[in-house]
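Please treat every number below as a calculation from the coordinates, not as lab data. Bear in mind that the values here come from a model prediction, so they are computed numbers and not experimental data. Because the Cβ atoms are built from the backbone with ideal geometry, glycine has one as well, and the counts that use them run over all protein chains shown.
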Amino acid sequence: MTDDEFKDTEIGRIPKEWEIKKLSQLIEYKKGKTPKKVIKEYKEKCLPYLSTEYLRENKITAFVEGHQNVVLVNDDDIILLWDGSNAGEFFLGKQGILSSTMVKIDLKENINKKFLFFILKMNEDYFKRNTKGTGIPHVDKNILLDFTIPFPPLEEQKKIAYVLSK
């Protein structure tokens, strides 16, 4: 690419056809809730409780009986650890029930979910450094929603996500 195919932006030089968008334009989030009944052994119709251990190491440590008043997560949903010593860590979700210390990221705009996940994961240290709270740190919602990302056309997002997933 030649120099005239780029433009200067607040986050650096990007291709001319790309945009810059704040996360507030692209996402909404839902905070997890504490389920009524968490159990250690699987029973019929139970779903895994999405602990960080399960998301990091694929070890299911608990299940949820009953799915009322909880936030359901599907495979590949974007999950953000909202509270605790590792607040600001991003995961790709697994089917189950969202923990009360996490949020599920829902897309408001047509954006490739894996592309967004990789952008967020690459900037995880920024979110971890900018938590707030003295006792139990948590993600600062203003820092999250004001965060700006490069926004290429959808087909290019898909190609970038494909390459990064390999």
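Worth a mention:
- Once the mean of 1/r is taken over each pair of separate Cα atoms and inverted, segment 5-58 shows a Kirkwood hydrodynamic radius of 16.0 Å.
- Alpha-carbon centroids, segment 1-55 and segment 97-131: separation in whole Å: 3 Å
- Centre-to-centre separation between the Cα atoms of segment 133-166 and those of segment 79-94: 13 Å.
- Inter-label distance, nm, simple model (7 Å from Cα along the C-beta direction), D4/I39: 6.9 nm
- The loop-placed trypsin sites (Lys or Arg not before Pro) in segment 1-58, going by DSSP, that have at most 15 neighbouring Cβ atoms within 10 Å of their Cβ come out as K16, K33, K36, K37, K40, K43, K45.
- Each of S24, Q68, L55 was scored by the projection of its Cα onto the charge dipole of segment 1-74, and the greatest displacement toward the positive side belongs to Q68; charges sit on the C-beta of Lys, Arg, Asp and Glu.
- In this structure, the residue pairs whose Cα-Cα separation is over 25 Å, taken from K36/K121; K7/K132; K21/K113, are K36/K121; K7/K132.
- Across segment 45-56, coupling constants 3J(HN,Hα) worked out from phi with the 6.51/-1.76/1.60 Karplus curve, θ = phi - 60°, read 6, 7, 10, x, 8, 7, 8, 5, 4, 5, 5, 7 Hz, and Gly and Pro carry x.
- Exceeding the 20 Å Cα-Cα cut-off - candidates K128/K166; K104/K166; K33/K114; K94/K141; K31/K128: K128/K166; K104/K166; K33/K114; K94/K141
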